[in-house]
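Report on the structure given below.
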Amino acid sequence: MHFSLKIGRIMIVALKQKNNQMKKVFLVSLFIALLGSVTIGQNYKVIKGIPINKPLMDNKPVHWGFTFGINKTDFSVFKNESLFHNDTINIYGIESTSMPGFFLGPVFNVRLGKYFDLRFLIDISFTQRNFTYYHFTGIDTAATLGTTIIKVPSSFIEFPILLKYKGARLNNVRPYFILGTAGKYDLASLRKINVDEPHLQVAPFDVYLELGPGMDFYLPYFKFSIEFKYSNGFFNLLEKDNSIYSTPLDGLKSHSFMLSFHFEG
């Protein structure tokens, strides 16, 4: 019985390491592709005979619009040695899985120069993370395997401040790259928790590094943009309360992927 539990632990760790490696490879590939698109963008020329929509759009000192999109937010889980030495519930594995969410809000753009803008957003974002605890009770042949799922819903107020670097415009299309920070406050973390039920408490505030590529499309009456953004939190959000579910953890750090659709006039 103990041999099978050890095998289960090894498989869970291996899967988590594999997922982390895939994320790193994806981000490196995305960054290389982005550099290529911006470099090519500098050599773009306007093709004669094709109507140019909103030709003075990027010359405005200030313009605004709104944004909405989908997100997928998860935690990086940092475990401690007590993971395998809890006398109440013998936990041999913990997994964090993300659920799709969405966000929306206004966007404000300030022109800094030909190729640079400063962007301010105020978003309301909804998402959820689920923690699965794998545990066993009893000893030897009397041991019983089980799982406990803890849901951590979040309702964020987000304040991103982003620097936008724009490639050269090709008729009605323009590639860009954004980089900046965002403060996020989780209103749902202030909810009252029933300590008699399985729970995990997280801190409400975090600061994130945000970056990613995008593409502007100039339409006759407005500018439409598609943007892919990666966001990585700096702070440890775990709030320990000596429960059997927080004790096996050393920390939780948040990260998310966002697909945004901007409408600006």
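Here are a few things to note about the model shown:
- Picking from residues in the range 106-117 that are of a type in the set (A, V, I, L, M, F, W, C) and farther than 12 Å from D58 by Cα, the one that is surrounded by the most Cβ atoms within 10 Å (Cβ to Cβ) is V107.
- Those residues of the range 174-192 which are closer than 30 Å to I149 by Cα, in a strand (DSSP E or B) and among the basic types (K, R), in sequence order: K184
- Check on I150, in contact (Cβ under 8 Å) with a residue 40 or more places away in the chain, hydrophobic (A, V, I, L, M, F, W, C) and within 23 Å of L249 (Cβ to Cβ): yes
- Test: P175 is under 14 Å from the mean Cα position of the chain (by Cα) and at pLDDT 95 or above: no
- Note on the range 193-265: enclosed strands (runs of 3 or more DSSP E) holding 1 or more residues that are of a type in the set (V, I, T) and either surrounded by 16 or more Cβ atoms within 10 Å (Cβ to Cβ) or without any contact (Cβ under 8 Å) to a residue 40 or more places away in the chain (or both) are 205-218, 223-233.
- Residue list for the range 49-65, restricted to those being in a loop (DSSP other than H, G, I, E, B) and within 17 Å of M215 (Cα to Cα): I52, N53, K54, P55
- Comparison of S260, S231, S256, S246 shows that the only residue that is of a type in the set (S, T, N, Q) and more than 16 Å from the chain's Cα centre (by Cα) is S246.
- Candidates I161, I150: the one that is within 22 Å of F257 (Cβ to Cβ) and either at pLDDT below 95 or in a strand (DSSP E or B) (or both) is I161.
The values are calculated or read from the model by the stated rules, or taken from the named source; none is laboratory data. None of the values given here were measured: they were computed from a predicted structure. Positions of Cβ are backbone-derived with ideal geometry, glycine not excepted, and every protein chain shown enters the neighbour counts.
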